[in-house]
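J.: The structure is given below, and queries will be raised subsequently.
The values are calculated or read from the model by the stated rules, or taken from the named source; none is laboratory data. What you see is a predicted model, and the numbers here were worked out from it, not measured in a lab. When we count neighbours, we look across all protein chains shown, and the Cβ atoms used for this are built from the backbone with ideal geometry, even at glycine.
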Amino acid sequence: MDEVSFEVNDGEIFGLIGPNGAGKTTTMECVEGIRKPDRGSISVLGLDPFRQVYKLQERIGVQLQQAQLQKRIKVWEAVDLWASLYRKKSVDGERLLEQLGLIDKRDAWFMNLSGGQKQRLFIALALINDPEVVFLDELTTGLDPQARRAIWELVRGIRERGKTVFLTTHLMEEAERLCDRVAIIEHGRIIDIDTPQRLVARHCPERTVVLDTEDASAEERFRGIPRVESVMRSDLRFTIRGSGEDLVTEVIHCLSENRIRVTDFRTIVPNLEDVFLKLTGRSIRD
Amino acid sequence: MMMRGLWKLTWIEIKVFMREPLGAFGTIGFPVLVFLVVGRAAGRNIAAATPATSSFLRVGLPVLASLLIAVSSVLSLVTIISIYREGGILKRLRATPLRPQTILSAQVIVKLILTGATLGLMVLAGKRYYPVNVHVPLIGFTIALMISTLSILSIGFLIASIVPTARFAQPIGAAILYPMIAVSGLFTPVNSMPPVLHAVARVLPMTYAVSLMEGIWKGDSWWAHMGDVAALAVVFFVCTALSAKVFRWE
């Protein structure tokens, strides 16, 4: 790791995104105080995570990647144990289980929970001390899409309680839907930090319109639109590429001005995945 | 506050352990069973009791059974620590205000409690089914067993620090600990061993554990065995200090 520098604001969901092995977990563990950075400085809630780790751990909640609990610990026992580990008064464990949809499972052994239930239990443990900052490391990895969406709702709920959330993910969709701001990390370096929308606007301004028309004069008209870079035609289908957010408006304007009849119309807007590809030259899934 | 955490963690670890299919039997039942079965088998010949059989029944076997209790506790500790490490449980516990030493102390306390409970069960079962009547200073012997267990547990931590994966924990632990029993002087007096084995026995803690437990069982004074206690204490401190250096949390 080197040159990792960022700030997380109060009350936001901040995401550290990058492929596996990019250094997300290492960074997060340094911030949590369970790993010692070789150099550099970190401040969390005004504390030095490594030297004041116990003070810090009183005030943060942590969910670790791929952590397990004792196979045969019951859900309520885990919550009860965790509640006893903090100096300050913990939140009501039973209510927490209820809010996380685990109340039916309170007497179940950890080993008998589904992947989604385990993650919800880990969220409960991360929230039991009413922390000011919550750390979530690859929270939804290995979950099916439905469980993933349910977890996203819960994370938004954490922010609504006024807490700061710091998460890592290698899922661009997750970052895009959940995070207020993201830092893209690769090979131990942060490449850029901003809101997902601004990252896309900055790095991938290109827009694409795909439409079908039988109008013979269409191709000529499309080429005349300002900032259009290419028009490709195959049979009745046109693919119009250009840059800038105005491209779509310009295309629509051109269609209506020239009374071009279209039978299909859609736009392709780049997302974080494209930003990542552009910045790193490779897909996050590689 | 930390005491509350320690107590809670210890209690949960006991409950979790008792829920293991083989947990209770492996640690508590097995040594007691060995004690009774071997005792009764040897006891059949009690009519033709040679002094050797008699002494084995009176001292050797109870001490062997107690040592087995200690060793199975230690093996179970090694296994649990390596499973917890592999599953990230140790790491997860460390990401709380719990101190590292508290997390490990809870495991040690669990093992000491189970060792004590097994000894109690052995004494109770022995009163009823053991072929010879044995009078022992029970409190003294319990303390001797606890000291021995603690010392061997510290070796367990060292083993737990070096085993690569949980799968190897039990076999590696057994391969290190059981041979120690063989040369502990329980079967052959240390003084009549060949020089090499004698030297080996002298540096192994098991030898001192056996000497201490046999002595206290027979009614020796603690003063006569201060050397054994000191040796066990040295092993404990050396192994604990070493583990503190090399112990891996993940």
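J.: When the residues of segment A:1-43 are narrowed to those that are of a type in the set (A, V, I, L, M) and modelled with pLDDT of 85 or more, which ends up nearest to residue A:177 (Cα to Cα)?
T.: My answer is A:13.
J.: Okay, moving on. Determine, yes or no, whether residue B:27 is closer than 30 Å to residue A:82 by Cβ, away from chain A (no Cβ under 14 Å) and at pLDDT below 80.
T.: Answer is yes for this residue.
J.: Applying the selection to segment A:108-129, what residues are within 22 Å of the chain's Cα centre (by Cα) and of a type in the set (A, V, I, L, M)?
T.: A:121, A:123, A:124, A:125, A:126, A:127
J.: Identify, by number, the condition in (1) among the hydrophobic types (A, V, I, L, M, F, W, C); (2) crowded, with 22+ Cβ neighbours inside 10 Å; (3) under 16 Å from the mean Cα position of the chain (by Cα); (4) farther than 12 Å from residue B:184 by Cβ that residue B:236 doesn't meet.
T.: Result: residue B:236 passes all but (2).
J.: Going through segment A:63-89 one residue at a time, which ones are more than 28 Å from the chain's Cα centre (by Cα) and within 19 Å of residue B:94 (Cα to Cα)?
T.: Residues satisfying the conditions are A:70, A:71, A:73, A:77, A:80, A:81, A:83, A:84, A:85, A:86, A:87, A:88.
J.: Taking the condition under 23 Å from residue B:185 (Cα atoms), away from every other protein chain (no Cβ under 14 Å), modelled with pLDDT of 90 or more and part of a helix (DSSP H, G or I), does residue B:140 pass?
T.: For residue B:140, the condition - under 23 Å from residue B:185 (Cα atoms), away from every other protein chain (no Cβ under 14 Å), modelled with pLDDT of 90 or more and part of a helix (DSSP H, G or I) - is met.
J.: Which pairs do you get when a residue that is in contact (Cβ under 8 Å) with a residue 24 or more places away in the chain, found in segment A:102-130, comes within reach of a residue that is polar (S, T, N, Q) and assigned to a helix (DSSP H, G or I), reach meaning Cβ atoms under 7 angstrom, with the pair 6+ apart or on two chains?
T.: Between residues of segment A:102-130 that are in contact (Cβ under 8 Å) with a residue 24 or more places away in the chain and residues that are polar (S, T, N, Q) and assigned to a helix (DSSP H, G or I), the close pairs are A:102/A:117; A:105/A:117.
J.: Can you run down the residue pairs with Cβ atoms below 6 Å, 6 or more apart or on separate chains, where the first is in segment A:216-240 and closer than 20 Å to residue A:269 by Cα and the partner is part of a loop (DSSP other than H, G, I, E, B) and small (Gly, Ala, Ser)?
T.: That search, which allows pairs on different chains as well, returns A:227/A:244.
Okay, residues lined up against (1) in contact with a Phe, Trp or Tyr (Cβ under 8 Å, 6 or more places away or on another chain); (2) modelled with pLDDT under 90; (3) more than 14 Å from chain A (Cβ to nearest Cβ):
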residue: B:85; (1), (2), (3): yes, no, no
residue: B:101; (1), (2), (3): no, yes, no
residue: B:122; (1), (2), (3): yes, yes, yes
residue: B:127; (1), (2), (3): no, yes, yes
residue: B:151; (1), (2), (3): yes, no, yes
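J.: Working carefully through the options A:245, A:250, A:273, find the one that is at pLDDT 90 or above, out of contact with any Phe, Trp or Tyr (no Cβ under 9 Å at 6 or more places or on another chain) and either among the acidic types (Asp, Glu) or not in a strand (DSSP E or B) (or both).
T.: A:250
J.: What are the residue pairs meeting all of these: first residue in segment A:61-78, first residue over 13 Å from residue A:124 (Cα atoms) and more than 7 Å from every other protein chain (Cβ to nearest Cβ), second residue in a loop (DSSP other than H, G, I, E, B) and at pLDDT below 95, Cβ atoms under 8 Å, and 6 or more apart or on different chains?
T.: Pairs found: A:65/A:138; A:65/A:141; A:74/A:106.
This table checks each residue for (1) away from chain A (no Cβ under 14 Å); (2) buried (at least 20 other Cβ atoms within 10 Å of the Cβ); (3) closer than 30 Å to residue A:33 by Cα.
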residue	(1), (2), (3)
B:74	yes, yes, no
B:106	no, yes, yes
B:117	yes, no, no
B:134	yes, no, no
B:146	yes, no, no
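J.: Please enumerate the residues belonging to segment B:203-250 that are assigned to a loop (DSSP other than H, G, I, E, B) and of a type in the set (Lys, Arg).
T.: Listed by number, the list holds a single entry, B:248.
J.: Would a scan of segment A:251-271 turn up a residue that is surrounded by 14 or more Cβ atoms within 10 Å (Cβ to Cβ), closer than 14 Å to residue A:204 by Cα and of a type outside the set (Val, Ile, Thr)?
T.: Yes, segment A:251-271 contains at least one residue that is surrounded by 14 or more Cβ atoms within 10 Å (Cβ to Cβ), closer than 14 Å to residue A:204 by Cα and of a type outside the set (Val, Ile, Thr).
J.: Let me ask something else. Being closer than 23 Å to residue A:162 by Cα and under 12 Å from the mean Cα position of the chain (by Cα) is the filter here, so list the residues in segment A:13-35 that pass it.
T.: Across segment A:13-35, the qualifying residues are A:13, A:14, A:15, A:16, A:17.
J.: Name the residues in segment B:1-17 that are loosely packed, with under 14 Cβ neighbours inside 10 Å and more than 9 Å from chain A (Cβ to nearest Cβ), would you?
T.: B:3
J.: Considering every residue within segment A:93-106, establish whether at least one is on the phi > 0 side of the Ramachandran plot and away from chain B (no Cβ under 11 Å).
T.: Looking through segment A:93-106, at least one residue is on the phi > 0 side of the Ramachandran plot and away from chain B (no Cβ under 11 Å).
J.: Okay, next question. Would you say residue A:47 is under 18 Å from residue A:7 (Cα atoms), more than 8 Å from every other protein chain (Cβ to nearest Cβ) and either touching a Lys or Arg at 6+ places or on another chain (Cβ under 6 Å) or among the hydroxyl-bearing types (Ser, Thr, Tyr) (or both)?
T.: Criteria met by residue A:47.
J.: Identify all residues within segment B:191-214 that are crowded, with 19+ Cβ neighbours inside 10 Å and without any contact (Cβ under 8 Å) to a residue 24 or more places away in the chain; write none if there are none.
T.: B:201
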